[in-house]
Amino acid sequence: MLNIAYIGDGKSTNRYHVPFSRQVEGINIKTIQARSGHNEMWSRVPDAQYVQNREDIYEDPAIDLVVICTPPQSHYSLAKEALLNNKHVLVEKPFAETSEEARELFELAEKKGLFIQCYQNRRFDSDFLTVQKVIESGVLGELLEVEMHYDYFRPEVPEGSETFNKLSSFMYTHACHTVDQVLSYFGNPSTIHFDVRQLLGEGRMNDYFDLDFNYENQLKVSLKSSYFRLKSRPSFAIYGKKGAFIKETEDRQEEHLKLFYMPTNNDFGVDLPEHYGTLYYIDEDGKYHEEKVVSEVGDYSLIYEGVYESIVNGKEKIVKDEETIRQIEILEEGISEMKHKAKV
């Protein structure tokens with residue numbers, strides 16, 4: 001049995017973690033730290049102990065893994081604190097503010113013989129898994145270009161922020177998902193072109209990014225996101241020499257979680273036919289095809305299954321240390337490029 005404790009009792013813990021860790025056989029949620037007492041907005045986790053002090057977690061020898069679900073500015077310090085108290089650690093995104101902090105945490109964990117990993121659950125988004133299935137089918141031919149869009153129409157968010165803060169920037173709060181997806185599947189690019197903006201002006205929130213990842217085989221993977229998209233672009237658009245695949249809609253797990261519709265339901269996160277992507281291709285006989293592709297089923301509990309296997313059975317981490325470090329380097333580079341352009 002892997003006993004885990006959560007630091008934090010807010011949306012992150014109760015919406016994006018607990019429903020999935022509870023799905024994994026062999027994991028037990030033993031303790032949740034809620035500094036002001038249990039947050040009554042969320043249902044209590046059965047049999048879990050709610051404490052106000054982190055020391056109650058560190059002093060409990062039965063707790064194996066500490067999961068950090070607090071605001072980003074506290075991730076590094078809390079992860080380090082948990083490691084120093086001889087606990088394995090799972091950290092929400094962004095893993096740390098700087099790549100230097102990330103390296104320090106991985107080195108400390110290795111020195112103490114402990115596990116630490118970033119919670120990159122978006123690797124198990126339905127749309128991303130479906131795209132992989134289509135690419136690996138080979139029907140598109142040689143892959144040329146991939147476009148990934150993560151759009152919102154929430155102008156009130158950047159308009160309500162008068163100053164720039166790196167950890168609340170679009171790069172750190174949203175590119176942390178898509179950059180990891182690219183690194184996990186396509187690997188580290190040879191070059192990256194950054195277009196990171198503050199649409200409301202210098203000194204305001206970073207509310208837009210457009211990143212081009214260029215690979216040696218001429219493949220380009222573009223990541224684009226904006227807070228000002230009244231009409232969202234397709235979640236994925238994939239182009240090869242023989243065809244294309246367009247997936248209009250995103251993974252539905254978050255949509256269902258916001259409705260308090262949980263993974264205990266068999267149709268949780270499952271695409272309906274109207275959500276299926278469309279595949280266009282020319283076959284070996286030169287005939288044109290246009291067909292729907294049944295979506296893969298996303299499942300964030302797979303991250304917790306991987307954590308369990310790594311800690312209990314010594315298997316390789318799902319999210320490699322070098323991937324997390326490179327991801328944060330890219331986030332840092334994007335913000336640096338934005339600031340440099342603002343001064344020119």
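In table form, for the structure just shown:
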| read-out | value |
| --- | --- |
| Loop-located trypsin sites (Lys or Arg not before Pro) in segment 107-194 whose Cβ has at most 14 other Cβ within 10 Å (DSSP) | none |
| Positive-end extreme of charge dipole, segment 1-131 - chosen from W42, F20, T130 (charges on Cβ) | T130 |
| The chain, dipole about Cα centre (Lys/Arg Cβ +1, Asp/Glu Cβ -1), debye to the nearest 20 | 540 debye |
| Extension gain, Q73 back to K242 (0.36 nm per residue minus Cα-Cα distance, nm) | 56.2 nm |
| Chymotrypsin sites (Phe, Trp or Tyr not before Pro) restricted to segment 231-266 and DSSP loop, no more than 13 other C-beta within 10 Å | F260 |
| Computed E for K133/E322 - FRET, C-beta separation, R0 35 angstrom, nearest 0.05 | 0.85 |
| Surface accessible to a 1.4 Å probe, per residue, for the residues of segment 21-87, Å² | 54 Å² |
| Spin-label pair E59/E159, simplified geometry with 7 Å Cα→Cβ offset, distance in nm | 5.0 nm |
| Cβ-placed point charges (K, R +1; D, E -1), dipole of segment 80-179 about Cα centre in debye, nearest 20 | 540 debye |
| Theoretical gain in end-to-end length, K231 to N265 [0.36 nm per residue, Cα-Cα removed] | 9.2 nm |
| Positive-end extreme of charge dipole, the chain - chosen from I29, N53, P189 (charges on Cβ) | N53 |
| Under 5 Å, built H, 5+ apart or other chain: amide partners of I27 | L2 |
| Percentage, to the nearest whole number, of Cα pairs in the chain over 28 Å apart | 46 percent |
| Farthest positive-ward along segment 217-290 dipole, Cα basis, beta-carbon charges - from G240, F228, P273 | F228 |
| Segment 1-76 pair-distance distribution - Cα-Cα, 10 Å bins, rounded % | 19, 58, 22, 0 |
| Cα centroid separation, segment 271-344 to segment 5-44 (Å) | 25 Å |
| Size of electric dipole in segment 1-158: Cβ of Lys, Arg +1 and of Asp, Glu -1, about Cα centre, debye, nearest 20 | 400 debye |
| ³J(HN,Hα), Karplus 6.51/-1.76/1.60, whole Hz, each residue of segment 45-58, x for Gly, Pro | 7, x, 6, 7, 8, 9, 10, 9, 10, 5, 4, 5, 6, 5 |
| Selection of GluC sites (Glu not before Pro), segment 243-344, meeting DSSP coil and at most 10 other Cβ within 10 Å | E284, E316 |
| Spread of Cα-to-Cα distances over 10 Å intervals beginning at zero, given as percent, for segment 260-344 | 13, 19, 21, 29, 17, 1 |
| Share of carbon and sulfur in the accessible heavy-atom surface of segment 145-272 [1.4 Å probe, %] | 48 percent |
| Set of lysines near K341 by C-alpha distance (under 29 Å), chain-local residues within fewer than 8 positions excluded | K93, K166, K220, K224, K231 |
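The values are calculated or read from the model by the stated rules, or taken from the named source; none is laboratory data. Computed from a predicted structure; not experimentally measured. Note that each Cβ is placed from the backbone with ideal geometry, even for glycine, and that neighbours are counted across all protein chains shown. In case anyone asks, the SASA skips ligands and DNA or RNA and just uses the protein heavy atoms, side chains included. Shrake-Rupley method; radii C 1.70, N 1.55, O 1.52, S 1.80 Å.
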